[in-house]
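Beneath this line is the structure, given in structure tokens, with notes to follow.
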Amino acid sequence: MTQLLSVLALLGTGVVMGGFFAVAITIVPALNAMPPDRYVYTHDLLGRYSDRVMPFLVLGSAVLGIALAVSTAGTARWSFALAAACMAGVMVVSRTRNVPLNRQVKRLRPEDIGPDWNDPRTRLRDWHLVRTVFAFAGCTLAAVGAVLA
């Protein structure tokens with residue numbers, strides 16, 4: 001059972017990390033290059049699907065990490081516990097930083113953006129990079145735990 005849960009934890013953290021990495025190196029630069037009205041429109045389109053999936057993947061990966069930390073010993077235990085903590089870091093950054101900023105953008109209509117618009121793209125990028133680092137560390141630690149379990 002430990003092997004199955006280890007594989008699932010590694011898959012979950014890997015999908016989160018890969019998704020965040022892909023967004024960081026492709027989507028964020030593209031969004032930042034767009035005029036504000038096009039950015040708001042595109043942001044709405046992109047968030048429709050990942051907003052439903054990512055919280056489940058992040059939470060599921062954290063729960064698996066906790067379960068594996070409880071059921072293993074030694075360095076594997078610590079690796080899984082730290083992987084779960086990293087995924088908790090992803091959740092905290094997402095819920096307290098990215099999600100509120102994303103909701104602000106979703107409430108906008110492209111035609112309502114004026115010259116005094118407080119553009120959130122730099123803050124969104126910066127917080128996205130923080131949670132990407134958490135996800136990368138979580139995936140790495142889950143891999144170490146899986147190897148050692």
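The values are calculated or read from the model by the stated rules, or taken from the named source; none is laboratory data. This is a predicted model, so every value here is computed, not measured. All Cβ positions, even for glycine, are placed from backbone atoms using ideal geometry, and neighbour counts span all protein chains on display.
If we scan the stretch 9-19, do we find a residue that is in contact with a His (Cβ under 7 Å, 6 or more places away or on another chain) and either more than 25 Å from ASP116 (Cβ to Cβ) or modelled with pLDDT under 95 (or both)? Looking for residues that are in contact with a His (Cβ under 7 Å, 6 or more places away or on another chain) and either more than 25 Å from ASP116 (Cβ to Cβ) or modelled with pLDDT under 95 (or both), one finds none in the stretch 9-19, hence no. Considering the stretch 20-37, the residues that are under 24 Å from LEU57 (Cα atoms) and small (Gly, Ala, Ser) include one that is surrounded by the most Cβ atoms within 10 Å (Cβ to Cβ), namely ALA24. Which residue pairs have Cβ atoms closer than 7 Å, lie 6 or more positions apart in sequence or on different chains, and pair a first residue in the stretch 117-141 that is farther than 18 Å from ARG107 by Cβ with a second residue that is in a helix (DSSP H, G or I) and charged (D, E, K, R)? Filtered contacts from the stretch 117-141: TRP127/ARG97.
For MET54, the conditions (1) in contact with a Lys or Arg (Cβ under 8 Å, 6 or more places away or on another chain); (2) within 19 Å of VAL7 (Cα to Cα); (3) modelled with pLDDT under 95 all hold with the exception of (1). Annotation: LEU57 fulfils all but one of (1) in contact (Cβ under 8 Å) with a residue 60 or more places away in the chain; (2) crowded, with 18+ Cβ neighbours inside 10 Å; the unmet one is (1). Name the residues in the stretch 26-51 that are closer than 21 Å to MET91 by Cβ and modelled with pLDDT of 95 or more, would you? If the condition is that a residue be closer than 21 Å to MET91 by Cβ and modelled with pLDDT of 95 or more, then ILE27, VAL28 are the ones that fit.
Scanning the stretch 65-82 for residues that are surrounded by 18 or more Cβ atoms within 10 Å (Cβ to Cβ) and either hydroxyl-bearing (Ser, Thr, Tyr) or in contact with a Ser or Thr (Cβ under 9 Å, 6 or more places away or on another chain) (or both) turns up GLY65, LEU68, ALA69, THR72, ALA76, SER79, PHE80.
Checked against (1) at pLDDT 95 or above; (2) more than 20 Å from ARG125 (Cβ to Cβ); (3) exposed (fewer than 13 other Cβ atoms within 10 Å of the Cβ), THR96 meets all criteria but (2). Restricting attention to the stretch 79-102, the residues that are over 15 Å from LEU59 (Cβ atoms) and free of Cβ contacts under 8 Å to residues at least 12 places away in the same chain add up to 2.
Looking only at residues in the stretch 32-50 that are without any contact (Cβ under 8 Å) to a residue 24 or more places away in the chain, of a type outside the set (S, T, N, Q) and assigned to a helix (DSSP H, G or I), the one that is nearest to THR13 (Cα to Cα) is TYR49. So how many residues does the stretch 107-135 have that are among the acidic types (Asp, Glu) and within 30 Å of CYS86 (Cβ to Cβ)? Final tally of qualifying residues: 2.
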